[in-house]
Amino acid sequence: MINYNPKQWFLVLTKINKADTLIKLLPLLIFMACYSGLIVFLEVEVFKLEESHEMKNIPQMHSLLGFAISMLLVFRTNTAYDRWWEGRKAWGALINNSRNLAIHINSILPREDTKDRSFFRKLIPRFAEELRAHLLNESTRLELDEDPHPEIPNFDTSKHVPVQVASLLLNKVNLLHKEGRIGDAHLITLDVELNAFMDICGTCERIKNTPIPYSYSSFIKKFIFAYMLTMPLGLALSLGYISIPIVVFMFYILASLELIAAEIEDPFGKDENDLPMQRLAATIKKSVRDIIY
């Protein structure tokens with residue numbers, strides 16, 4: 001995710017990075033400029049058409065369709081941002097639950113129990129790391145320790161790794177309860193925190209695996225192209241070659257909104273505007289190690 005100061009207008013206006021829609025849309029913008037120039041040349045220079053009543057109706061048609069396309073893009077952008085923000089809230093909840101679980105473990109287990117405290121110090125932040133890898137569809141091998149404890153096996157990366165991490169944590173808590181080292185009240189509290197881990201995982205998977213319906217996304221893109229391809233037909237006779245930059249600028253605005261929405265609707269990727277899951281996971285790891293030591 002890009003960090004920036006929203007108060008620095010000049011820097012935002014002048015700085016162009018690889019996430020800027022201008023770079024991604026540059027080939028299409030060049031195409032629209034060439035297409036608009038061709039339409040103007042044919043209507044004005046070749047066919048020498050005059051501004052007829054039929055041609056005047058095209059800008060009026062665009063005025064009517066402009067309201068419809070603006071409503072579609074507003075809904076599209078809001079829906080995509082809701083998905084992005086829901087993903088951020090889920091990771092915020094994961095940070096809070098990890099800290100709460102670590103606080104409870106720290107208060108329950110005595111300081112001299114270094115083995116079990118080390119277990120939770122490694123496994124709690126590992127859930128966030130494996131959830132990140134799971135959402136990125138990456139297969140990662142778990143490195144718990146230079147000399148892994150015998151009760152912590154290597155995870156099977158062909159299966160759901162976050163579930164395996166949560167299962168190990170829950171099994172350890174139940175084992176401590178059976179040994180009488182964790183009371184019934186503490187068991188209920190820890191169980192709630194561990195269940196929240198999988199609730200958060202399910203929320204992230206729902207966002208990841210359920211994109212905006214294809215027909216809706218495809219319709220907006222086709223609507224934008226049809227809208228922009230017909231715009232030079234009505235503007236050529238009234239504005240001449242001035243219509244070229246106008247058409248290019250209008251296409252840049254509409255296409256950028258759709259492109260931004262398509263990028264942020266999946267916040268668990270590697271795009272510049274996606275969630276910084278690696279930094280969030282590092283925050284959890286640091287917090288847990290500060291609490292359980």
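The values are calculated or read from the model by the stated rules, or taken from the named source; none is laboratory data. These numbers come from a predicted model, not from an experiment. In this analysis, Cβ positions are derived from the backbone assuming ideal geometry, glycine residues included, and neighbour counts consider all displayed protein chains. Areas reflect the complete protein model, heavy atoms only, side chains present, ligands, DNA and RNA absent. Shrake-Rupley method; radii C 1.70, N 1.55, O 1.52, S 1.80 Å.
Computed from Cα positions, the angle between helix 184-209 and the longest principal axis of the chain comes to roughly 20 degrees. Beyond 36 Å, what percent of the Cα pairs of the chain remain? More than 36 Å apart: 40 percent of the Cα pairs in the chain.
When the charge dipole of the chain is built from unit charges on Cβ atoms (+1 for Lys and Arg, -1 for Asp and Glu) and taken about the Cα centre, the candidate among I182, C201, I264 whose Cα reaches farthest toward its positive end is I182. Sorting H62, H186, H134 by solvent-accessible area of protein heavy atoms yields H186, H134, H62, largest first, with a 1.4 Å probe.
A crude spin-label estimate for the pair L239 and S256, with each label 7 Å from Cα along the Cβ direction, gives 1.6 nm. Residue order by solvent-accessible surface for W84, W9, W91 is W9, W84, W91, largest first, with ligands and nucleic acids left out and a 1.4 Å probe.
Between L135, P27, V248, the Cα set farthest toward the positive side of the dipole of the chain (charges on each charged residue's Cβ, about the Cα centre) is that of L135.
As a test of reading the structure, rank F31, F119, F47 by solvent-accessible area (1.4 Å probe, protein chains only), most first.
Putting F31, F119, F47 in descending order of accessible area: F47, F31, F119.
Computed with a 1.4 Å probe on the full set of protein chains, the accessible area for E129 sits at about 40 Å².
Estimated from helical segments only, the mean residue ellipticity of the chain at 222 nm is -25000 deg cm²/dmol, where each DSSP H run of four or more residues counts as -39500 (n - 2.57). Of the whole protein surface, E179 contributes about 100 Å² of accessible area at a 1.4 Å probe radius.
Taking N as the residue count of the stretch 160-293, its C-alpha radius of gyration divided by 2.2 N^0.38 Å amounts to 1.83.
So, with +1 on the Cβ of K and R and -1 on the Cβ of D and E, and no other charges, what is the size of the charge dipole of the chain about its Cα centre, to the nearest 20 debye?
So the magnitude is around 460 debye.
Between the helical axis of 161-178 and the longest alpha-carbon principal axis of the chain there is an angle of about 30 degrees. In the context of the full protein assembly, V192 retains an accessible surface of approximately 90 Å², using a probe radius of 1.4 Å and ignoring ligands and nucleic acids.
The angle between the Cα long axis of helix 214-239 and the longest principal axis of the Cα atoms of the chain comes to about 30 degrees, rounded to the nearest 10.
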